[in-house]
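Notes to accompany the following structure.
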Amino acid sequence: SPSAAEDLTELALSTFLCGCSMGPLRLTLAALLLGARFVPSGGALHEPRSEEAAADDACLLQLVSDSPAFRAADPLVYVLTVDTAIGRKRYAMLAATVGQVGITSFQKVEGVSVAKYHTEEALQASPLAVMSDEQKRSWETTRYRSNGALACAIGHSHIWRLAREALSKPGAPRWAVILEDDALVNTTMSINDALAMVSDEADLAFFDGRFCKYHPPGLLSGGLGSSWGSTAYAVTARGAAALLAKPVFMPSDEWLRVPLEDGRVKGFCGEVLFVESKVTPSERSDKTGE
């Protein structure tokens with residue numbers, strides 16, 4: 001294909017610049033760039049190799065692994081926002097800066113705002129809300145109950161459903177990253193590099209510094225009572241399913257702890273890629289309608 005040919009041309013030039021000789025591996029490289037598997041199968045390419053040729057192979061295969069055509073799939077990225085003045089302002093700011101951490105595409109998810117849905121009953125009947133009677137009773141007993149917190153929880157749980165479905169499709173990436181519109185970029189490390197550092201055992205990963213404020217980097221273990229925050233985190237399909245498995249409904253900052261405390265999945269404290277922006281009382285009123 002044209003794109004594969006362009007990749008091949010680019011890599012051929014790269015091999016020349018780094019001193020690799022294309023000769024013995026030219027067919028293997030072409031096959032790799034066209035999507036074929038590199039499996040030893042006998043023949044000239046797998047005859048005994050000189051040290052010089054072996055060094056060329058190592059150089060070339062490293063370049064292949066670094067090629068855009070062979071990098072791991074980028075994560076899905078969802079940005080939760082609301083259609084208010086401050087919501088639009090924050091979304092525009094985040095959209096203009098996420099490229100600094102290597103996010104080049106994302107899906108905007110417009111949540112519900114209490115500026116439009118003024119009561120709990122209206123929020124629970126809104127298009128994005130999926131709440132069983134048991135979940136409604138769970139919400140009535142939550143510690144930090146407010147219309148704004150309910151609206152936020154409805155938005156996050158909607159994204160979990162989207163992520164669970166999208167990540168379960170063949171060929172889908174492992175991770176979906178979820179950002180609130182008040183997330184501020186805090187580093188130049190790429191999201192792919194940050195996710196590459198996450199343990200294979202984890203299905204939830206936190207990148208905002210709030211949830212892991214009292215935990216060191218790495219797998220989370222115990223003492224989650226002080227963990228709080230949903231500004232920037234990532235879920236796998238299994239993680240999204242675990243968040244939705246228990247019939248509870250609570251503020252998203254707290255809800256993220258539930259599958260970790262139940263032992264359904266493991267969490268990971270990652271690089272602080274984002275921090276939460278500070279808001280004035282008037283901005284918070286505009287954001288939540290309260």
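The values are calculated or read from the model by the stated rules, or taken from the named source; none is laboratory data. These numbers come from a predicted model, not from an experiment. We place every Cβ from the backbone using ideal geometry, glycine too, and count neighbours over all the protein chains shown. Accessible surface is based on the protein model in full, side chains and every heavy atom, while ligands, DNA and RNA are left aside. Shrake-Rupley method; radii C 1.70, N 1.55, O 1.52, S 1.80 Å.
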If you line up the Cα atoms of the range 146-261 on their principal axes, what length do they span on each, largest first, in Å?
-> 37, 36, 28
Cross-link partners of Lys246 among lysines (Cα-Cα below 20 Å; sequence separation of 8 or more within a chain) = Lys136, Lys266
Which part of the range 235-251 falls in the paramagnetic zone of Ala73, meaning amide N under 20 Å from the point 7 Å along Cα-to-beta-carbon?
-> 235-242
For the range 113-259, what is the accessible area per residue in Å², given a 1.4 Å probe and the full set of protein chains?
-> 42
Fully extended, how many nm does the chain gain between Glu110 and Arg88 (0.36 nm per residue separation, minus their Cα-Cα distance)?
-> 6.9 nm
Between Thr141 and Glu165, how many nm apart are label points set 7 Å from Cα along the C-beta direction?
-> 3.1
Quick one: which residues, 5+ away or cross-chain, put their amide H under 5 Å from the amide H of Tyr78? H built at 1.01 Å from N.
-> Gln107, Val177, Ile178, Leu179
